[in-house]
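Asks: Dropping a structure here in structure tokens format, bear with me for questions.
The values are calculated or read from the model by the stated rules, or taken from the named source; none is laboratory data. All values reported here derive from a predicted model rather than from experimental measurement. Using ideal geometry, Cβ is built from the backbone for each residue, glycine included, and neighbour counts are taken over all protein chains shown.
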Amino acid sequence: MAKGPGGGGQGSGGGGGAAAIPQAVTIFDSYASITQQNLVDMALLPTALLRDLAAQGVQWQIGDRLIPDFIGYAGMRNRLTPDGRTYGSIGGMYSIIDSTVLAGGGPHGSASMVLHETGHAIGNVLGYHDSPQTRAAHAANWHKLPSYFDNTDRGRREFFAESVAQHAKYGREWTANAYGKPYSDYLKKTVFKGQKKS
Ligand SMILES: [Zn+2]
């Protein structure tokens with residue numbers, strides 16, 4: 001796992017990221033590099049967006065652990081994910097039922113665990129999962145992508161969540177090259193409105 005972006009690290013100066021919404025974030029395993037990386041990544045999202053999500057009841061649990069070891073999720077251990085793994089073997093999810101992002105350790109194929117799962121919160125709570133722009137970008141791109149992003153409602157929501165993580169981590173030129181400039185501009189003007197860089 002690569003180190004976080006250069007510069008001052010998270011929590012500096014402006015109080016962005018998790019520091020902007022302390023009432024909504026529970027941090028475990030504070031000194032683990034995975035925890036630190038997820039906190040650095042979270043600070044790539046605009047502060048106003050995080051505050052909006054928190055105001056709508058979204059919560060985060062962040063740490064170096066798997067889903068059943070977060071508070072309230074022990075019962076998930078043997079349940080199967082849509083792609084046939086057990087929740088006990090993975091470290092990240094977004095729970096629609098209680099609007100909670102879990103971002104822990106374990107294997108994943110995302111640009112960023114916490115940004116992907118927060119992408120689901122953005123998509124679900126703020127309506128982006130099913131917007132015309134997300135539908136158009138998914139329809140134009142799903143056939144070029146892994147089957148995880150297939151031509152289903154689930155695939156579209158995974159596409160949106162991962163595109164949020166990619167836009168935050170790699171920048172808007174990356175999403176423009178991958179999915180077209182209109183969709184990259186859409187993310188820039190909506191989800192990433194007010195973001196300092198990228
Ligand atoms: Zn997902």
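Asks: Just checking, does the range 119-127 include any residue being at pLDDT 95 or above and under 15 Å from Gly63 (Cβ atoms)?
Replies: no
Asks: Restricting attention to the range 152-194, which residues are away from the ligand (no atom under 16 Å from the Cβ), at pLDDT 95 or above and part of a loop (DSSP other than H, G, I, E, B)? I'd like the intermediate steps shown before the answer.
Replies: Keep residues of the range 152-194 that are away from the ligand (no atom under 16 Å from the Cβ), which gives 170-190, 192-194.
From what is left, the residues that are at pLDDT 95 or above are 170-190, 192-193.
Within the range 152-194, Gly171, Gly180, Thr190, Phe192, Lys193 meet the criteria.
Asks: Which pairs have Cβ atoms under 6 Å, sit 6 or more apart or on different chains, and link a residue in the range 144-155 that is within 16 Å of Ala178 (Cα to Cα) to one that is of a type in the set (A, V, I, L, M) and outside any helix (DSSP H, G or I)?
Replies: none
Asks: Please note which strands (runs of 3 or more DSSP E) are completely contained in the range 47-146 and include at least 2 residues that are in contact with a Cys (Cβ under 9 Å, 6 or more places away or on another chain) and more than 16 Å from the ligand (Cβ to nearest atom).
Replies: Details: elements: 59-62, 92-95, 100-103.
Of the strands (runs of 3 or more DSSP E) lying wholly inside the range 47-146, none has at least 2 residues that are in contact with a Cys (Cβ under 9 Å, 6 or more places away or on another chain) and more than 16 Å from the ligand (Cβ to nearest atom).
Asks: Scan the range 102-116 and give yes if some residue there is free of Cβ contacts under 8 Å to residues at least 40 places away in the same chain, more than 22 Å from Pro146 (Cβ to Cβ) and either surrounded by fewer than 22 Cβ atoms within 10 Å (Cβ to Cβ) or touching a helix residue (DSSP H, G or I) at 6+ places or on another chain (Cβ under 9 Å) (or both), otherwise no.
Replies: First pass over the range 102-116, keeping only residues free of Cβ contacts under 8 Å to residues at least 40 places away in the same chain: 107-109.
Then drop every residue that is not more than 22 Å from Pro146 (Cβ to Cβ), which leaves none.
So far as the range 102-116 goes, no, none of its residues is free of Cβ contacts under 8 Å to residues at least 40 places away in the same chain, more than 22 Å from Pro146 (Cβ to Cβ) and either surrounded by fewer than 22 Cβ atoms within 10 Å (Cβ to Cβ) or touching a helix residue (DSSP H, G or I) at 6+ places or on another chain (Cβ under 9 Å) (or both).
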